[in-house]
Structures are given as structure tokens and as C-alpha cells.
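First the structure, in the form of C-alpha cells, and then the observations on it.
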Amino acid sequence: MRQLRTAETGPARTGPARAAGERSPRATLSGPILFNLAFGVYLLATVVITQLLGEPHGVVELAMRGTRDAVLVLVLLGLSLFVTFYGLWRGAGQGLATRLLAAILVGCGLYLYLLPAFAVVKGMVSLPFGFWADPWLAWLDHALHGGQDAWRLYWPLVEIVPPRLAFIGYNYGWAVISMVLPVLVAALDTDTARRDRMLIVYVFVWIGLGNIAATAFASVGPVYYESLSGIPRYAEYMQHREGLLPPDHAVRVLQDLLWANVELRQGRLGLGISAFPSVHVGIAALVMVYLMSLGRLAGALGIGFCVLTQWSSVIYGWHYAIDGYASIVSVVAVWIGAGWLTKNPARTGQKMQEMPPDTRAYD
């Protein structure tokens, strides 16, 4: 006859149960390790691609940051590898020390791998197909907003939103948040499932949206529409832009510099332009959903930041509104999917332990 599993034999076969919500030391670092590895592979793939295109030194030079910073790069690389091997083979204890190790991995992944690789790949988005998508994006943007361009609907807020707030939020604020937030989350968030969920979406925004989708839908945005096609599709917007952005405005100077670089390099390695989808709005959407997971007040701040970023991207002419909408929808969808992937398996074990003896499995 089959007999019920006894209390003495159960623990002997399954081992001591962990507390609810507790992860093993290796699981605690697994997310940051994979994050670091993903961007390392990303950099390696970029090196291979540039070699195939005949310019193998572009990524390496950017990654090393020149001779002056080469020592720092090598030190960080060694630190990153040490923490990775430490986490894989020995594991680490719970608590702040482990979270600091996770933050080191995330920070090294951003500095060593993401920044140089993304800067180069963005300069190559037009190589496969050219900038082909602008007419279609402009048409879709026009149709989606009731037969008028999105900037017309966004423009009345120019009189309400302080220009300095829009400028700082879209440029400096976004740059700081996009680089610092993942490190802070790794160091401070005690919910490892939520942290790993955030890191998954972060990788998706930069590589999935910023490289893969940007290459498939290579486009320059409204501010460069006439320069690209010769058609004054956004002539009225450009007139309004003159009043908002004088020739010496930092945004205007940057826009002119980027276009001059595109013309000079003709789509080769270096700084590039990409409109659809918007990485700016994608990161802002990630900030939004992450802060919403923390609470209502934090969520309200995240929504405000996302709305400001979307509005600024259109007003400055960087993006069609559809660029940001697509990023928001994609980020929310991947956030939901990543939530399913990062569910804490300890919950299942806890439920099994709470079941009465007569409902457990038989031998």
C-alpha cells in the first residue's frame, strides 16, 4: 500500500525550507550577473559587426575611453569579473553587502559595455535600409491625432510648462536618471524579483528599442524631415521652433551638430540619429512603471516624468508622438511579461509547506 510521506522523511529529502520570500545567495546576484553578461555580449557583438564592416577600432577606442581612462576601464573590468565569479561559485550573504555587489555589476555593465556599444550601433541604424520610415511615421502621426500633426496639440502647453523645466528634465535629468536609477535599484531595492524585472526591461529599452527596432524603422524625426527629403512637411513647426529655440540654444546646437555628423559620416560609425521608437520615452516609461510598483506617490512622480519626457520629445522636434507611444506600450508589455518571469519561486514552496499532511504527495 502507498503510505503518506511522514514528517521525518519529508525534510530529509527536500532539505530545510527557506523562509518565505528568501532567495538563495546565488539567486540574489543572478539578475545583475545576467545584466552584466547581456551588455558584455552586446559589446562583443558590436565589435564583430564593426569588423565585418571594415572599421574594427571604433568600438574598442570608445570602450577604452582613450589612454587616459584605460587604467580605470581595466580596473572596473577586473572588479566586474571578480564579482561575477564570486557570485557564481561562492555566492554571497543576504543584505546590504550583496546589494552593493549587485550595484557594482550593474554600474560596470553600464559604463564598460552599454555606453560605447550603443554610441556606435546608433550611428549604424541607417546602414541596412536607409532612413526610410519618416513619411510613414509622419502620416501615421497625422492620422492618429485627428488629421493634424501632434505638435499642434502639444504646443499650447509651451505657455504653461516652464522652458527650463522641460530642458533640464529632458536632457540632464533624463541622462542622470537613465544611468543612476539601475545602480540605485540594485543597491537599495530589497525586492530582488522587482529589481530583476526592472533590469530586464532596461536591457530591452536600450537594445530592443534603441537598436533593433530603431534599425528596422530607421527615421530622423520632424526636425530633420526637410533636410532628409527636401519636402517642407514641417515648415510651420520649424517657424515655431525658431521662437522656442534660438540659434545658440543647447538643444538647437546639438541638433545641428548631429545632422552635420550624419552628413559627414554618411551613416558610418559615430554619433547617429534615430527617431522611432524613442529611447528617451522608453526609459521614462520604465521609470514610471517601476515607481508605480513602489506606491501611489512615487507612481504619480513617475507618470509626471514620463508625460514631461513625451511632451518635450515632440516639442523639440526630436520625435513624432508615435515614437513615444510605441515605446510606452512596449515597455508596459515587457514589464508585465518580466513580472511573470521573475515571480519568486519560494512562494510555491511556502504554499506546499502550509498544506495539511493529508493533502501532500504520496510515496
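Summary table
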| read-out | value |
| --- | --- |
| Segment 215-335: C-alpha gyration tensor shape, a/c 1.5 cut-off, then a/b vs b/c | prolate |
| Dipole of segment 130-358, positive direction: furthest Cα of Ala298, Pro156, Tyr234, with charges on the beta-carbon | Ala298 |
| In Hz, Karplus ³J(HN,Hα) per residue of segment 209-215 (6.51, -1.76, 1.60; θ = phi - 60°; x = Gly, Pro) | 7, x, 10, 5, 5, 5, 6 |
| Dipole moment magnitude, nearest 20 debye, segment 144-228 about Cα centre, only Lys, Arg, Asp, Glu C-beta charged | 120 |
| Inter-site label distance for His240 and Leu52 at 7 Å from Cα along Cβ, in nm | 4.3 |
| Residues Val41 and Leu188, FRET efficiency given R0 of 41 Å [Cβ-Cβ distance, rounded to 0.05] | 0.90 |
| Potential extension, Ile231-Leu157 segment - 0.36 nm per residue separation minus Cα distance | 23.9 nm |
| Difference of contour (0.36 nm per residue) and Cα-Cα distance, Leu341 to Ala250 | 28.6 nm |
| Gain in span if fully extended, Arg164 to Ala216, counting 0.36 nm per residue against the direct Cα distance | 15.3 nm |
| Shape of segment 130-358, Cα gyration tensor, a/c cut at 1.5 | prolate |
| Whole-number percent relative contact order across segment 130-358, with pairs defined as alpha carbons under 8 Å at least 6 apart | 29 |
| Relative exposure of Glu159, Glu242, Glu226, judged by other C-beta atoms within 10 Å (fewest first) | Glu159, Glu242, Glu226 |
| Positive-end residue, segment 130-358 charge dipole about Cα centroid, Cβ charges, pick of His142, Phe167, Leu181 | Leu181 |
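Just so you know, all these numbers are worked out from the coordinates, no wet-lab data involved. All values derive from a computational prediction rather than experimental measurement. For neighbour counting, all protein chains shown are included, and Cβ atoms are generated from backbone atoms with ideal geometry for every residue, glycine included.
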